[in-house]
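Read-outs: derived from the displayed coordinates by stated rules, not from any lab. Keep in mind that this is a model prediction, so the values were computed, not measured. Please note: Cβ atoms are built from the backbone with ideal geometry, for glycine as well, and neighbour counts cover all protein chains shown.
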């Protein structure tokens, strides 16, 4: 079972899972700005990788709770100040406790499927500094699974969590992951903005890996990766 957002990291994570297992994809729409674009990306990735099934869930509670620039139109998505400053503090694009909701849904479905692993493409290195992307978070969630599921034997897999973004790009190319189908931008749906934290981290990763990012970006000047 793979929590598949449609972004670059989740795509590479999904390619690893599909290589080694019979894989099922779970995608959650939660009222984020690029909800429809991310759904299209996730469906495309799952189809390209030959996933057995694709479950789309709507989690309206995260939009209603708000508190994030991704779910509240009154909070602007900030432009990245510089590549080096990203992750220095928790940004307004953090969606409160979001990954716990994704994992909970994933574990529930895994129990029904008889799946023994839930993959999620969380990354601590070169990230926006979200607290629910730290290794300790997944260690704690693993204990919750042991205590709160029927068999207690579903493993949370975070194969990318210690990797740098440029290494994730390189691994994606090695696995022939469909990176051209992915979407990482926090605000744009037709063309990626190129200036939010997520876009800057992604562009810098492709640049450092020595390859061109295959998705379309809006025209911009002076971007620093």
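With a simple spin-label model that places each label point 7 Å from the Cα along the Cα-to-Cβ direction, the separation between residue 97 and residue 136 comes to 1.8 nm. Applying 1/(1 + (r/R0)^6) with R0 = 22 Å to the Cβ-Cβ distance of residue 56 and residue 113, what FRET efficiency is obtained, to the nearest 0.05? About 0.90, to the nearest 0.05.
Across the stretch 76-145, the relative contact order, built from alpha-carbon pairs under 8 Å that are at least six residues apart, equals 39 percent.
Across the stretch 2-209, C-alpha contacts under 8 Å between residues 6 or more apart give a mean separation that, scaled by the residue count, equals a relative contact order of 27 percent. When only alpha carbons are used to place a centre, the stretch 1-35 and the stretch 51-117 end up 12 Å from one another.
Its Kirkwood hydrodynamic radius, worked out from the mean inverse distance over all distinct Cα pairs, puts the stretch 38-100 at 14.3 Å.
Just to confirm the number: angle between the C-alpha axis of helix 197-209 and the first principal axis of the chain, 0 to 90 degrees, nearest 10? In the chain, helix 197-209 runs at an angle near 90 degrees to the longest axis.
What is the calculated FRET efficiency for residue 64 to residue 218, with r their C-beta to C-beta distance and R₀ = 25 Å, to the nearest 0.05?
0.25
Calculated mean residue ellipticity, 222 nm, the chain: -12000 deg cm²/dmol, from DSSP H runs (n ≥ 4) at -39500 (n - 2.57) each, averaged per residue and rounded to 500. The angle separating the long axis of helix 8-20 from the principal Cα axis of greatest extent in the chain is about 40 degrees.
For the stretch 122-187, what is the convex hull volume of the alpha-carbon atoms per residue, in Å³?
It comes to 134 Å³ per residue, whole-number rounded.
Note that the stretch 2-209 carries a Kirkwood radius of 17.1 Å, evaluated over its alpha carbons pair by pair. The order of the peptides 179-185, 73-79 by mean Cβ neighbours within 10 Å, most packed first, is 179-185, 73-79. Length available on full extension from residue 90 to residue 174: 0.36 nm per residue minus the Cα-Cα distance, which gives 27.1 nm. The C-alpha atoms of the chain define a longest principal axis, and helix 98-113 lies at about 40 degrees to it. For the peptides 3-16, 189-202, the ranking by mean Cβ contacts within 10 Å, running from highest to lowest, is 3-16, 189-202.
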